[in-house]
1. Applying the selection to the stretch A:137-148, what residues are among the hydrophobic types (A, V, I, L, M, F, W, C) and open to solvent by 10 Å² or more (accessible area, probe 1.4 Å)?
2. Which condition from (1) in contact with a Pro (Cβ under 9 Å, 6 or more places away or on another chain); (2) open to solvent by less than 40 Å² (accessible area, probe 1.4 Å) is the one that B:Val20 breaks?
3. Here is a check on your reading of the model: is B:Ile235 open to solvent by less than 10 Å² (accessible area, probe 1.4 Å), within 13 Å of chain A (Cβ to nearest Cβ) and modelled with pLDDT of 95 or more?
4. Does A:Phe153 qualify as being in a loop (DSSP other than H, G, I, E, B) and aromatic (Phe, Trp, Tyr)?
5. Any residue at all in the stretch B:14-24 that's at pLDDT below 95 and among the aliphatic types (A, V, I, L, M)?
6. For the stretch B:237-255, indicate whether the set of residues that are of a type in the set (D, E, K, R), touching a Lys or Arg at 6+ places or on another chain (Cβ under 9 Å) and without any contact (Cβ under 8 Å) to a residue 40 or more places away in the chain is non-empty.
7. Assuming A:Asp310 fulfils every condition listed in (1) at pLDDT 95 or above; (2) closer than 21 Å to A:Glu33 by Cβ apart from one, which condition is it?
8. Which condition does B:Thr170 not pass, out of (1) open to solvent by 10 Å² or more (accessible area, probe 1.4 Å); (2) within 14 Å of chain A (Cβ to nearest Cβ); (3) β-branched (Val, Ile, Thr); (4) within 25 Å of A:Val165 (Cβ to Cβ), if it passes all the others?
2 protein chains.
Amino acid sequence: MERRFAFVPVKLAAKKTRVVLYGLGAIGIRTAEAVLARSDLKVVGAVDIDPDKIGEDVGELIGGDRIGVAVTDDSAALFQAVEAEVVLHTTSSFFPDIYAQMEGITNAGVDTVSSTEELSYPALQHPELAAKLDALARAKGVTVFGTGVNPGFVMDVLPLVMTGVCQEVTSVQVERIVNASTRRGPLQRKIGSGMSKEEFEDLANGGRMGHVGLVESVALIANGLGWEVDTVEEILEPVIAPKQIVTEHVQVAPGQVAGIHQRAWGIKEGEKRITLELQMYLDAEDPHDAVVLEGTPPIHLRIENGTAGDFATVATLINAIPRVVAAPPGLLTAEQLPIPLWRNG
Amino acid sequence: MERRFAFVPVKLAAKKTRVVLYGLGAIGIRTAEAVLARSDLKVVGAVDIDPDKIGEDVGELIGGDRIGVAVTDDSAALFQAVEAEVVLHTTSSFFPDIYAQMEGITNAGVDTVSSTEELSYPALQHPELAAKLDALARAKGVTVFGTGVNPGFVMDVLPLVMTGVCQEVTSVQVERIVNASTRRGPLQRKIGSGMSKEEFEDLANGGRMGHVGLVESVALIANGLGWEVDTVEEILEPVIAPKQIVTEHVQVAPGQVAGIHQRAWGIKEGEKRITLELQMYLDAEDPHDAVVLEGTPPIHLRIENGTAGDFATVATLINAIPRVVAAPPGLLTAEQLPIPLWRNG
């Protein structure tokens, strides 16, 4: 049996969405490249505090042609001068560090998609700030949304989506193993490669080491599933190199740190209902993402080689734009938005 | 480093959602069981045309205690008598067959979650009916949504969600291999087990054989990604048993049909951008679901043993209820709703 149908897709709006790039660090520059490659987005402004970047043309900063948009450090003046619809915000991992930036953007009446890891579930560590920004966003009729590949997808949204085919779920386990040898130099250093164990632990105890967002992923899952989890716990340990490791960017002696082993749990009355395990270290074998749901039916999902971080993070920001622009106002989390997807444009 | 946070989930509404079960066949009965097991749903009515079921109590029909809700074949009278919020509709795979039922439910001002396979992308085969029902739903302020595990999740929503981490996607391939020996007798017969090749092909050419919804999955992906696919094609072939197969329900001689091999494509200017392949036959080896995205980054996802059909189909219906009740009016498809998820209740 063979059948054939003509297909007529739903027409999309032809109008370009007007974007401001806020932050032109490593992720911001990659975001700029990806935005400029799309025909449905138009860069109308760019903000950064780096004196070397202020005044430069965004197109030239990414090594391309001039686009007639210069970087400014005066976001208030920018929002007065241009009619922006959405900000792609990539400045810091921590919500308190970016609160004033969010306030400025929101007061200007512009929606935000942010890579700030703690925004993926802002109420966990900063309930007062989250309530305040949510109220401001509603008052101004704008949407604020934090996303990314992790947090924002692999260890929270993907397991939540998979529960959609379950009649009951009793536990959620996610494992992500990243071979840091294949990643950028800054990431290799960020995970402590080449440090002594003591140096790593000092930084970790000061909150300056490790992946930001794992506890927010636990909270996003717990809240989405309506489990009455009472505690979120996290442990960060170094992975110690058993032998010398040399990459393009770092040299690690045996006994030095090769990366991180970070785990977080959502606990209900002493029972671990959610277990997230992130290993990110040099020469890690068998890199992958895995989701295991115990329930009816059980689910065993695996992504071979994992979901590559840099391209994927930028993709989640850009792919969120149409959903965030169309969303109701407020400081939203992933379960309040339509399914993530890439759209040709 | 160890950290611990108290977690306070967002409070859910305590009010039960009032549900009407519309259709009490195999899937409807399983749906009834699952609804009655939940504390956040209340069955306020049940509709079926089977004379053996009319007048029976729904609780007793599933082998449990009376719940005080008798099955009726008069849906109009039922909707006048009770204040229903949502219908769980499980009567037929084909949109034209259920149009009058949808019209009745919609005119009564009640939302619908339906297992009707063609509703997962109703505009592909029935654009006029889809436009008519969409207009009626908007006029009445109600939401109509068709879902399931396939179509509705494994071969359409899941690949769409995975594109959310991609900066570009050039092709989508999904493979689903189901070992029908582990499934119910009706399913084993539905895929042609024990038929001759000729009998199978006669039924297939008459449109009475094969999985319903594969072409709708192609359309849902194509529309979601905004690809200007122009043609959707489908081929259905029998899988022939190489040796005798005996299950609890059927006996298949060598040379007879053991199941289906069905493929569908989304084609743009002669190029296959979307490839869906479904194999469902007795003694199929290595059952699994797999999604392969070519793009940036590429994605290789695999669900070991696949997503079990019966529990998962019922789960998708029930899990859709909060999203459909909260959704704007219209005949919606999956990309217009928030992420699917199970919620404790």
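The values are calculated or read from the model by the stated rules, or taken from the named source; none is laboratory data. None of the values given here were measured: they were computed from a predicted structure. Ideal geometry is used to build each Cβ from the backbone, glycine not excepted, and the neighbour counts take in all protein chains shown. Keep in mind that these areas ignore ligands, DNA and RNA; they rest on the heavy atoms of the full protein, side chains included. Shrake-Rupley method; radii C 1.70, N 1.55, O 1.52, S 1.80 Å.
1. Of everything in the stretch A:137-148, just one residue is among the hydrophobic types (A, V, I, L, M, F, W, C) and open to solvent by 10 Å² or more (accessible area, probe 1.4 Å), namely A:Ala139.
2. B:Val20 satisfies every listed condition except (1).
3. Details: open to solvent by less than 10 Å² (accessible area, probe 1.4 Å): no; within 13 Å of chain A (Cβ to nearest Cβ): yes; modelled with pLDDT of 95 or more: yes.
Judged against the criteria, B:Ile235 is not a match.
4. So A:Phe153 fits the description; yes.
5. Yes: one or more hits.
6. Yes, some residue in the stretch B:237-255 is of a type in the set (D, E, K, R), touching a Lys or Arg at 6+ places or on another chain (Cβ under 9 Å) and without any contact (Cβ under 8 Å) to a residue 40 or more places away in the chain.
7. Failing condition for A:Asp310: (1).
8. B:Thr170 satisfies every listed condition except (4).
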